[in-house]
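**Q** Take a look at the following structure, please.
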Amino acid sequence: MTTQAVRSRRLAWRLASLALSLTGLVAPPAQAAWQLEPSRSWLEATVIEITPTGPVPRRHRVRELSGHLDADGTLRLPLRLNQTDVLERLGPLPPWLEGMTERPLATLVTRLPPARLDGLAVGESLTETLTFRVDAEGVRRQEPLALRFTCEAVDRIRVANAERIAVDGRELMANPTLRTVLLLLGYEQIGDEVPVTLEATLVDR
């Protein structure tokens, strides 16, 4: 190989290396893969049972919330019977209800651009009013919910209510599946409002 050929090959390698370096400099930063940490994500609802002696508040929890933000910021939260404390209170279910434990009673769907979370510095918070769509047995309903996102670490964000949240108790009783569960728990009549508290943690995986 001639000296000129060696020099040409070395120049080609240098140009290739330079091109790769420039590519790395201009490449867009990787987006965080935010998803809920089930062990630290739950919903708590206070059902007001109407009894002959007056209203009695009873708390129920939906634990192990799971879901992740898609590239477009869509988050889906399926809520299943086996995530609740209902099974602990009821004991063994009748055979005709056993198949319900894994099936979503409802699915919450919302959108939040991941870039909004990626831009939070540790210790910083932001409040967003998100539109949640509730899909339950073919019935769709939309509700705006104000949530506070607090960055606790570079890879961890805490999510909580930014204001009071309440679900319409009459709509819960109108849903055939939920009404069945409430009746099994002994609730023949409940209050018009069911206050809900959200505590969740998003982690970058």
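The values are calculated or read from the model by the stated rules, or taken from the named source; none is laboratory data. Worth saying up front: this structure is predicted, and the values here are computed from it rather than measured. Glycine gets a Cβ as well: all are built from the backbone with ideal geometry, and neighbour counts include every protein chain shown.
**Q** Is the stretch 19-37 home to any residue that is modelled with pLDDT of 85 or more, assigned to a strand (DSSP E or B) and of a type outside the set (A, V, I, L, M, F, W, C)?
**A** So far as the stretch 19-37 goes, yes, one or more of its residues are modelled with pLDDT of 85 or more, assigned to a strand (DSSP E or B) and of a type outside the set (A, V, I, L, M, F, W, C).
**Q** Check off (1) crowded, with 17+ Cβ neighbours inside 10 Å; (2) part of a strand (DSSP E or B) for residue 117 and give me the number that stays unchecked.
**A** (2)
**Q** Something else about it: Give 198, 126 a once-over and let me know the one that is closer than 25 Å to residue 87 by Cβ, touching a residue at least 12 places away in the same chain (Cβ under 8 Å) and not in a loop (DSSP other than H, G, I, E, B).
**A** Sole residue among the options that is closer than 25 Å to residue 87 by Cβ, touching a residue at least 12 places away in the same chain (Cβ under 8 Å) and not in a loop (DSSP other than H, G, I, E, B): 198.
**Q** Within the bounds of the stretch 70-92, is there any residue that is out of contact with any Ser or Thr (no Cβ under 9 Å at 6 or more places or on another chain), among the small types (Gly, Ala, Ser) and at pLDDT below 85?
**A** yes
**Q** Given the conditions (1) surrounded by fewer than 13 Cβ atoms within 10 Å (Cβ to Cβ); (2) farther than 20 Å from residue 45 by Cβ; (3) polar (S, T, N, Q), and given that residue 189 satisfies all but one, which numbered condition is not satisfied?
**A** Failing condition for residue 189: (2).
**Q** Got at least one residue in the stretch 106-113 being aliphatic (A, V, I, L, M), surrounded by fewer than 17 Cβ atoms within 10 Å (Cβ to Cβ) and either free of Cβ contacts under 8 Å to residues at least 40 places away in the same chain or in a helix (DSSP H, G or I) (or both)?
**A** So far as the stretch 106-113 goes, no, none of its residues is aliphatic (A, V, I, L, M), surrounded by fewer than 17 Cβ atoms within 10 Å (Cβ to Cβ) and either free of Cβ contacts under 8 Å to residues at least 40 places away in the same chain or in a helix (DSSP H, G or I) (or both).
**Q** As an exercise: evaluate residue 152 against (1) within 19 Å of residue 40 (Cβ to Cβ); (2) buried (at least 16 other Cβ atoms within 10 Å of the Cβ) and give the number of the one condition it does not meet.
**A** Result: residue 152 passes all but (2).
Quick grid of which residues meet (1) under 21 Å from residue 177 (Cβ atoms); (2) of a type in the set (D, E, K, R); (3) assigned to a strand (DSSP E or B):
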position: 56; (1), (2), (3): no, no, yes
position: 76; (1), (2), (3): yes, yes, yes
position: 79; (1), (2), (3): yes, no, yes
position: 89; (1), (2), (3): yes, yes, no
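**Q** What residue, among those in the stretch 128-157 that are in contact with a Lys or Arg (Cβ under 6 Å, 6 or more places away or on another chain) and at pLDDT 95 or above, is nearest to residue 75 (Cα to Cα)?
**A** Among those that are in contact with a Lys or Arg (Cβ under 6 Å, 6 or more places away or on another chain) and at pLDDT 95 or above, it is 150.
**Q** Also, I was wondering about something else. Only one of these conditions is not met by residue 136: (1) over 17 Å from residue 110 (Cα atoms); (2) free of Cβ contacts under 8 Å to residues at least 60 places away in the same chain; (3) of a type in the set (Gly, Ala, Ser); (4) surrounded by 15 or more Cβ atoms within 10 Å (Cβ to Cβ). Which number is it?
**A** (1)
**Q** Let me ask something else. Could you list, ordered by first residue, the pairs with Cβ atoms under 6 Å in which the first is in the stretch 158-186 and assigned to a loop (DSSP other than H, G, I, E, B) and at pLDDT 85 or above and the second is small (Gly, Ala, Ser) and surrounded by 13 or more Cβ atoms within 10 Å (Cβ to Cβ), at least 6 apart or interchain?
**A** Final answer for the pair search is 162/146; 163/146.
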